[in-house]
Amino acid sequence: MAPLKFCANISWMFTELPDFSQRIYAAASAGFQAVEAAWLYDSDLQELQRVREATGVEVVLINTPPGDVKAGDLGLGAVPGRETEFKQGLDLALKYAKALDCKRIHLMAGRVPVGSDTASVAKEMEAIFVQNLNYAADILSKAGITGLIEPINTRITDPRYFLDSPHQAAAILEKVGKPNIKLQMDVFHWQIMDGNLTQNINKYFPLIGHVQIAQVPDRNEPDSAGEINYSYLFNMLDKLNYQGHIGCEYKPLRATNEGLGWLKNYWTQSK
């Protein structure tokens, strides 16, 4: 069985370097054959293309634009009254994805509007999200791209994020019913919200289109002190024959390269 494939999240890793282009080079030098990033939209697209081609590094995931971050946005997919902006953001993400030959886009749900109670707006936000996901599925399918939805924990990271559990995400995916809209499993968020990782991964594995990792609770390297036994989880994903990439979306405790011992050990043991 082929070893698991890891990609560097260059929004979190190699931040010692200011530019995404430099981080791609750094990731390649560290042994990564793939990267992912949240928002590349302030970077020159032609420069990113040039660096991707020069390094041979694959770009496997980007996010849709967050919206107006200064106004408190973190995605627009489920936000009432922002449907037009969501579609415009999707167009921009698609432009970057096509240019970088990136086959996955995280379609960010967004936050419950300030002043609203989650319970009172949940049905409306879900209906808007399903509608936007159906729209995105049709647009992305023409480009051979998979759309992803990611639960983000509301206990530590983002108390107002609309989509916060794998169970909620699975129910939404069932309503959408499109094969190119799948579940993005960030183990960090899943552990904080629900735990029960073995059962949840087994249950939702057919829906999973991408995986991300970080230790809990401090979101550092997988081998740092914390709650999650990543050796066990990597072995589990291997036995399930997971074929996608695993995004390293964590905050390095020191310089990024100093914290890659866990990955180098995995690569050595997998040879």
- [ ] Per residue of segment 153-163, in order, report the coupling 6.51 cos²θ - 1.76 cosθ + 1.60 (Karplus, θ = phi - 60°) as ³J(HN,Hα) in whole Hz, putting x for Gly and Pro.
- [x] 5, 9, 8, 10, 7, 8, x, 9, 5, 5, 9
- [ ] Go through Tyr266, Tyr161 and list them by solvent-accessible area, largest first, probe radius 1.4 Å.
- [x] Tyr266, Tyr161
Task: Normalised contact order of segment 167-221, rounded percent, pairs of Cα under 8 Å and 6 or more residues apart - done: 41 percent
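How big is the Cα convex hull of segment 1-52 in projection, averaged over all directions, in nm²?
Answer in nm², one decimal: 3.9.
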- [ ] Could you list, in their original order, any pairs among Lys87/Lys203; Lys70/Lys251; Lys87/Lys251 whose Cα atoms are separated by more than 29 Å?
- [x] Lys87/Lys203; Lys87/Lys251
Open item on the list: If you build the convex hull over the alpha carbons only and average its shadow over all orientations, what do you get for the chain? Give it in nm² to one decimal.
Closed with: 13.7 nm²
Task: Heavy-atom surface of segment 7-161, accessible at 1.4 Å and reported per residue (Å²) - done: 44 Å²
Task: Diffusion constant of segment 137-213 at 37 °C, which comes from Stokes-Einstein with the Kirkwood Cα-pair radius and 0.692 mPa s, µm²/s - done: 257 µm²/s
TODO: List every residue whose amide H lies under 5 Å from the amide H of Gly209, counting only residues 5 or more places away in sequence or on a different chain, with H placed 1.01 Å from N in the peptide plane.
DONE: Leu183, Gln184, Met185
- [ ] For the chain, calculate the relative contact order in percent as a whole number, restricting contacts to Cα pairs under 8 Å that are 6 or more residues apart.
- [x] 19 percent
Task: Of all accessible heavy-atom area on segment 54-130, the percent that carbon and sulfur account for (1.4 Å) - done: 51 percent
Open item on the list: A 22 angstrom limit on the alpha carbon distance is what I want to check against. Which of Lys5/Lys175; Lys5/Lys182; Lys103/Lys271; Lys98/Lys264; Lys182/Lys271; Lys239/Lys271 exceed it?
Closed with: Lys5/Lys175; Lys103/Lys271; Lys98/Lys264; Lys182/Lys271
Task: Alpha-carbon radius of gyration plus Dmax, which is the widest Cα pair, for segment 112-259 in Å - done: 16.2, 47
Task: Loop-located GluC sites (Glu not before Pro) in segment 5-100, at most 16 other Cβ atoms within 10 Å (DSSP) - done: Glu16
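Over every pair of different alpha-carbon atoms in segment 189-271, take the mean of 1/r and invert it; report that Kirkwood radius in Å.
Answer for segment 189-271: a Kirkwood hydrodynamic radius of 13.6 Å.
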Open item on the list: Considering only C-alpha atoms, what is the centroid distance from segment 76-127 to segment 1-28, in Å?
Closed with: 25 Å
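The values are calculated or read from the model by the stated rules, or taken from the named source; none is laboratory data. The structure presented is a predicted model; accordingly, all values stated were derived computationally and were not measured. With ideal geometry, Cβ positions are generated from the backbone for all residues, glycine too; neighbour counts draw on all protein chains shown. Areas reflect the complete protein model, heavy atoms only, side chains present, ligands, DNA and RNA absent. Shrake-Rupley method; radii C 1.70, N 1.55, O 1.52, S 1.80 Å.
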